[in-house]
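Working notes, structure below.
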Amino acid sequence: MVQVDISQLTSECNTWREQLRLHREEFTTDETKLQQVAGRQLSKEQLQDVEHLHNQFHIQLINIHDLKQSIKAHERKMEFERVAFNGKVNEDSLIRHERLHDEYQALQQTLQDLRAEFSNFLSRT
């Protein structure tokens, strides 16, 4: 067991989940914009871009959901450990926290790249 400020870890998890919620809302709005663009007269290449972006939005919304659920399960486990082990967190939970942080950062980069790709597509249509 390691003595760690669980409230700091929990706060980080809450921040990650809130950011992921915001991304979910943004991508849901972007999907609506994409549907509006898809209703226009588009070239074959633009239609392929619409399909690609639609698929990417769908995949990333799933990734957002999955990561949020993993973070939530991690928080529950840390809370259990806090109560069961007198405020201490298992070393495995700290390692899991770092892995989740890495996953969060990687997803953030992927989402940022997709937003840039979508913005570029909108500017071309």
Restricting attention to region 66-73, does a residue exist that is among the β-branched types (Val, Ile, Thr) and surrounded by 17 or more Cβ atoms within 10 Å (Cβ to Cβ)?
yes
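Of the residues 61, 34, 22, which single one is under 18 Å from residue 109 (Cα atoms) and touching a helix residue (DSSP H, G or I) at 6+ places or on another chain (Cβ under 9 Å)?
On the way: 34 fails: under 18 Å from residue 109 (Cα atoms); 22 fails: touching a helix residue (DSSP H, G or I) at 6+ places or on another chain (Cβ under 9 Å).
Answer to the check: 61.
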Of the conditions (1) modelled with pLDDT under 95; (2) surrounded by fewer than 15 Cβ atoms within 10 Å (Cβ to Cβ); (3) not polar (S, T, N, Q), residue 81 satisfies every one except a single condition; which number is it?
(2)
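So which of 55, 63 is at pLDDT 95 or above and more than 12 Å from the chain's Cα centre (by Cα)? Break it down stepwise before answering.
Numbers: 63 fails: more than 12 Å from the chain's Cα centre (by Cα).
Answer to the selection: 55.
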What pairs come out if I take residues in region 97-116 that are under 23 Å from residue 77 (Cα atoms) and pair them with residues that are surrounded by 14 or more Cβ atoms within 10 Å (Cβ to Cβ) and of a type in the set (A, V, I, L, M) whose C-beta lies under 7 Å away, six or more apart or interchain?
97/9; 100/71; 103/67; 104/67; 107/67
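Tell me, which residue of region 86-98 that is loosely packed, with under 12 Cβ neighbours inside 10 Å and not acidic (Asp, Glu) is nearest to residue 20 (Cα to Cα)? Steps first, answer last, please.
Filtering region 86-98 for residues loosely packed, with under 12 Cβ neighbours inside 10 Å gives 86, 91-92, 95, 98.
Remaining after also requiring not acidic (Asp, Glu): 86, 95.
Numbers: 86: 31, 95: 21 Å.
The qualifying residue nearest to residue 20 (Cα to Cα) is 95.
Within region 105-119, is even one residue among the aromatic types (Phe, Trp, Tyr) and part of a helix (DSSP H, G or I)? Spell out the reasoning first.
Initial filter on region 105-119 (among the aromatic types (Phe, Trp, Tyr)): 118.
After this cut, where a residue has to be part of a helix (DSSP H, G or I) as well, the list is 118.
Among the residues of region 105-119, at least one is among the aromatic types (Phe, Trp, Tyr) and part of a helix (DSSP H, G or I), which makes the answer yes.
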Close pairs (8 angstrom Cβ cut-off, 6 or more residues apart or separate chains): in contact (Cβ under 8 Å) with a residue 24 or more places away in the chain in region 45-56, among the polar types (S, T, N, Q) anywhere
46/125
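State all residues of region 1-17 that are in a helix (DSSP H, G or I) and surrounded by 11 or more Cβ atoms within 10 Å (Cβ to Cβ); if no residue qualifies, say none.
Quick first cut of region 1-17, residues in a helix (DSSP H, G or I) only: 6-17.
6, 9, 10, 11, 12, 13, 14, 15, 16, 17 - these are the residues of region 1-17 that are in a helix (DSSP H, G or I) and surrounded by 11 or more Cβ atoms within 10 Å (Cβ to Cβ).
The values are calculated or read from the model by the stated rules, or taken from the named source; none is laboratory data. Since this is a predicted model, take the numbers as computed values, not measurements. As a convention, Cβ positions derive from the backbone with ideal geometry for all residues, glycine included, and neighbour counts pool all protein chains shown.
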